[in-house]
Structure formats: structure tokens, C-alpha cells
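The block underneath contains the structure these notes are about, expressed in C-alpha cells.
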Ligand SMILES: CC(C)(COP(=O)(O)OP(=O)(O)OC[C@H]1O[C@@H](n2cnc3c(N)ncnc32)[C@H](O)[C@@H]1OP(=O)(O)O)[C@@H](O)C(=O)NCCC(=O)NCCS
């Protein structure tokens, strides 16, 4: 058991996703999403998509979450973001999204977009905290239940270190 939140947070690290991670990532997809991406989908992203940037968040060698996006000129399109179920609700999603936004900005993106299920209020809350604003609906976007997707956009700013309040990027459907 860790002594406090700060110490626990500090043990989490980010790095680029590699082909060796894909088995674990696909497993987390299965656990987390009703329309999970396959190993092939991730392999294709890592090997054949020059716009794709994927990162994992880990602690002591264990992957606890991951996120991906396409960075195309000044826009970043988030394709996936997930925190493994036992680690959810501890602020890690915020850290992961912040890191994605920072990385996108570093690669030159100035705006970020994503799709989120209408029913996924938890994720929508997270996104709103980072300055994302709904801009439209993709009707029937999700293949498993034809649920609508909300399209959200946020501006990317140089320093997201101050926190989410100041913040103001697949083939196939994004999660
Ligand atoms: C969405 C997800 C990435 C958020 O990560 P997380 O680590 O659970 O979230 P955090 O603990 O960082 O919380 C971030 C914010 O999310 C919202 N949130 C978190 N847990 C919540 C809950 N149980 N109910 C409602 N909102 C919740 C809150 O706004 C929270 O901020 P706050 O604590 O300041 O109020 C994660 O829950 C997940 O992987 N879910 C399944 C996959 C998914 O839905 N991905 C997004 C697809 S678009």
C-alpha cells in the first residue's frame, strides 16, 4: 500500500506503445470496450499509419492504460483511450489525457477531436474538464449497438501542466 496519492502517481510512467505490447493492449480492449479493436488493428496502426501515435501508461512494468491518436498537421484525432478497470477512478485517465494532449501539441497539433458514446457520461465529464466541447453528432456511429457518437473538440495549449481547467486526436470507429 502506498503512503499517499502523490507517491503513487509518481510511479506511473508513459512510453510509446510497441508491437510487444499489443497482446496486452488487445486484452485490455476486450475488458474495456463493447466493440474492441483487434490485435491486427493495433499492429496496423503501429506499422502502417504514419500519422498514428500510441502511448502506454505503466507502473512497474504493468500496463495500466493506453491512448492513441492520429496527428495530422495541426489537428489530433484521438482513436482510443482506456484505463484498466481496477485502476479507474483514481485520476489516471486525467493524467493519460493530459499526456496525449501535451504530446499532440509537441507534434504540432493545435486542436484535438474525439468521438464518445452518448451514454459514456464518465468519459464526457473527463473531456469537458480538459476543455472539450461538443460540436456535433455522428448518428449510429458505433457498430455494436448503432449508438450515436458525440464529436468533441478542444484547443491545445502549450502548457497543460497547470491542469485540466486551463486546457482550451482510425481506421474504423474510434472508441
Ligand atoms: C474514461 C476513462 C479513460 C477515465 O479514466 P479514469 O482513470 O477512470 O478517470 P479519472 O479517475 O482520471 O477521472 C477523471 C474524470 O472522469 C470522471 N469520472 C471518473 N469516474 C467517474 C464515475 N464513476 N462517474 C462519473 N464520472 C467519473 C470525473 O469527471 C473525473 O474527474 P473528477 O474526479 O475531477 O470529477 C476510464 O474510465 C476508462 O478507461 N473507461 C472505459 C473506456 C472508455 O470509456 N474510454 C473512453 C472512450 S471515448
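The values are calculated or read from the model by the stated rules, or taken from the named source; none is laboratory data. Predicted, not measured: the structure shown is a model, and the values here were computed from it. Backbone-built Cβ (ideal geometry, glycine too); neighbour counts: all protein chains shown.
Odds and ends about this structure:
- Selection status of residue 80, at pLDDT 95 or above, within 14 Å of the ligand (Cβ to nearest atom) and over 26 Å from residue 19 (Cα atoms): no
- Restricting 53, 94 to residues that are modelled with pLDDT of 95 or more, more than 10 Å from the ligand (Cβ to nearest atom) and outside any loop (DSSP other than H, G, I, E, B) narrows the list to 53.
- Selection count, region 61-87, where residues are in contact with a strand residue (DSSP E or B) (Cβ under 9 Å, 6 or more places away or on another chain) and surrounded by fewer than 16 Cβ atoms within 10 Å (Cβ to Cβ): 2
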